[in-house]
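Engineer: One structure, as structure tokens, below. Some questions next.
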Amino acid sequence: MSRRRILITNDDGYQSEGIEALIRAFSRIAEVIVVAPLSERSCSSHSITAHKPLRAKEVEIAGVRGFAIDGTPVDAVILGLNVFCNDGVDFLVSGINRGPNLGFDVFYSGTVAAALEGAISGIPSLAVSLAISSWNNYELAAHFAVKIWEDFSEILERERDLVLNVNVPDLPDLSSVRGVAVTELGDRFYFTVVKERSASEPGWKEFVFEEDKKERTLQRNTDFFAVYHSWVSVTPLRPYLTDYRLCEELASRVGVVGDE
């Protein structure tokens with residue numbers, strides 16, 4: 001495969017261990033451009049900065065020139081594609097996230113949102129996450145990011161609006177991984193619980209969101225099942241959320257726009 005240009009970003013901030021591992025791995029085989037948030041912007045989903053200017057400064061990350069911006073992961077992608085990558089890019093890689101992005105959590109994830117922004121702009125993308133446990137093995141996650149990018153490069157080049165959501169189990173070495181599994185999004189394994197606490201200022205109420213685990217059933221075809229059983233999970237995602245099957249049923253009851 002000929003040498004490609006890859007835009008790398010994340011939501012943990014440009015100084016995170018995960019993005020450094022990703023840069024080291026991909027810079028061996030591609031030209032890498034890095035544009036990432038100045039600080040951690042986890043759970044920012046697809047938010048953008050709309051009411052204030054964005055600032056950027058040139059930085060060096062793992063020996064590669066890049067830019068740190070005081071915005072969200074999606075801001076970083078928009079600036080990267082429109083300002084800092086004048087010659088264009090072939091692929092976008094977002095990560096490596098500190099923690100998994102499984103099931104419905106993809107809707108909250110800044111890591112996945114950055115990859116989806118790439119797909120919206122016609123740049124096939126990977127979102128890469130490490131299901132942190134005992135090892136913090138970002139090098140393992142970076143290895144599989146490159147492997148999946150290479151193994152699916154033909155599909156990625158053809159499907160320009162595609163995101164591959166990659167979740168890597170945190171294991172001590174390559175031999176501990178059972179393989180790569182193509183999966184579906186699973187259900188959430190926790191509830192969001194809202195708790196009120198004493199406010200720091202008079203006249204205000206203060207709340208925090210916490211996670212409360214719920215009983216889960218790990219269906220074999222899901223990303224949760226794969227990672228739990230030491231497989232690398234790959235879930236194909238698209239930015240289109242239209243339920244085309246239900247569109248037909250709804251249209252059969254009310255008609256279609258444009259009908260005489």
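The values are calculated or read from the model by the stated rules, or taken from the named source; none is laboratory data. Just so we're clear, the structure is a prediction, and the values are computed from it rather than from any experiment. Quick reminder, even Gly has a Cβ in these numbers, built from the backbone with ideal geometry, and neighbours come from all protein chains shown. Surface areas here come from the heavy atoms of the whole protein model, side chains and all, with no ligands, DNA or RNA. Shrake-Rupley method; radii C 1.70, N 1.55, O 1.52, S 1.80 Å.
Engineer: Take the residues in the stretch 32-61 that are closer than 15 Å to Asn10 by Cβ and loosely packed, with under 15 Cβ neighbours inside 10 Å, then tell me which one is farthest from the chain's Cα centre (by Cα).
Structural biologist: So, considering only residues that are closer than 15 Å to Asn10 by Cβ and loosely packed, with under 15 Cβ neighbours inside 10 Å, the one farthest from the chain's Cα centre (by Cα) is Ser39.
Engineer: With respect to the numbered conditions (1) in contact (Cβ under 8 Å) with a residue 24 or more places away in the chain; (2) farther than 30 Å from Glu211 by Cα, which one is the sole condition not fulfilled by Glu58?
Structural biologist: (1)
Engineer: Let me ask something else. Check whether at least one residue in the stretch 155-178 is closer than 24 Å to Ser42 by Cβ and assigned to a helix (DSSP H, G or I), and report yes or no.
Structural biologist: Within the stretch 155-178 (the criterion being closer than 24 Å to Ser42 by Cβ and assigned to a helix (DSSP H, G or I)), the answer is no, since none of the residues qualifies.
Every residue, every condition in (1) among the small types (Gly, Ala, Ser); (2) in contact with a helix residue (DSSP H, G or I) (Cβ under 7 Å, 6 or more places away or on another chain); (3) farther than 25 Å from Arg5 by Cβ, yes or no:
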residue: Ala131; (1), (2), (3): yes, yes, yes
residue: Tyr138; (1), (2), (3): no, yes, no
residue: Ala145; (1), (2), (3): yes, yes, no
residue: Asp170; (1), (2), (3): no, no, yes
residue: Ser198; (1), (2), (3): yes, no, yes
residue: Pro202; (1), (2), (3): no, no, yes
residue: Glu211; (1), (2), (3): no, no, yes
residue: Phe224; (1), (2), (3): no, yes, yes
residue: Tyr240; (1), (2), (3): no, no, yes
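Engineer: Pairs under 7 Å by beta carbon, first residue open to solvent by 100 Å² or more (accessible area, probe 1.4 Å) in the stretch 182-207, partner part of a loop (DSSP other than H, G, I, E, B) and of a type in the set (Lys, Arg), six or more apart or different chains?
Structural biologist: Phe191/Lys214; Glu196/Lys205
Engineer: Further question: Hey, among Val64, Val106, Val89, which residue is under 13 Å from Ile8 (Cα atoms) and in contact with a helix residue (DSSP H, G or I) (Cβ under 6 Å, 6 or more places away or on another chain)?
Structural biologist: Val64
Engineer: Next question, about the same structure. From the list Ala131, Ala141, Ala127, Ala145, which residue is closer than 20 Å to His46 by Cβ and not polar (S, T, N, Q)?
Structural biologist: Ala127 is the lone residue from the list that is closer than 20 Å to His46 by Cβ and not polar (S, T, N, Q).
Engineer: Separate question: Could you go through the stretch 103-117 and let me know if any residue there is in contact (Cβ under 8 Å) with a residue 24 or more places away in the chain, assigned to a loop (DSSP other than H, G, I, E, B) and within 23 Å of Asn136 (Cβ to Cβ).
Structural biologist: So far as the stretch 103-117 goes, yes, one or more of its residues are in contact (Cβ under 8 Å) with a residue 24 or more places away in the chain, assigned to a loop (DSSP other than H, G, I, E, B) and within 23 Å of Asn136 (Cβ to Cβ).
Engineer: Is the stretch 210-233 home to any residue that is within 22 Å of Asn137 (Cα to Cα), in a strand (DSSP E or B) and not β-branched (Val, Ile, Thr)?
Structural biologist: yes
Engineer: Take Thr242 and tell me if it is assigned to a loop (DSSP other than H, G, I, E, B) and either at pLDDT 95 or above or farther than 24 Å from Cys43 by Cα (or both).
Structural biologist: No; evaluated as a whole, the condition is false for this residue.
Engineer: For the stretch 145-163, which residues satisfy the criterion of being open to solvent by 10 Å² or more (accessible area, probe 1.4 Å) and within 20 Å of Ser176 (Cβ to Cβ)?
Structural biologist: Once the filter is applied, which keeps residues that are open to solvent by 10 Å² or more (accessible area, probe 1.4 Å) and within 20 Å of Ser176 (Cβ to Cβ), the stretch 145-163 yields Val146, Lys147, Asp151.
Engineer: Take the residues in the stretch 125-137 that are in contact (Cβ under 8 Å) with a residue 40 or more places away in the chain and more than 15 Å from Asp11 (Cβ to Cβ); name whichever of them is surrounded by the most Cβ atoms within 10 Å (Cβ to Cβ).
Structural biologist: By that ranking, first place goes to Ala131.
Engineer: The conditions are (1) in contact with a His (Cβ under 9 Å, 6 or more places away or on another chain); (2) more than 30 Å from Ser133 (Cβ to Cβ), and Leu218 fails exactly one of them. Which is it?
Structural biologist: (2)
Engineer: Identify the single condition in (1) assigned to a loop (DSSP other than H, G, I, E, B); (2) within 24 Å of Arg41 (Cβ to Cβ) that Gly80 does not satisfy, given that it satisfies every other one.
Structural biologist: (1)
Engineer: Please go through the stretch 86-101 and give me each residue that is touching a strand residue (DSSP E or B) at 6+ places or on another chain (Cβ under 6 Å) and surrounded by 18 or more Cβ atoms within 10 Å (Cβ to Cβ), ordered by number.
Structural biologist: Matches in the stretch 86-101: Val89, Phe91, Leu92, Val93, Ser94, Gly95, Ile96, Asn97, Pro100, Asn101.
Engineer: Output yes when any residue across the stretch 214-222 is touching a strand residue (DSSP E or B) at 6+ places or on another chain (Cβ under 8 Å), at pLDDT below 90 and either closer than 24 Å to Ala114 by Cα or open to solvent by less than 100 Å² (accessible area, probe 1.4 Å) (or both), and no when none is.
Structural biologist: Yes, the conditions are met somewhere in the stretch 214-222.
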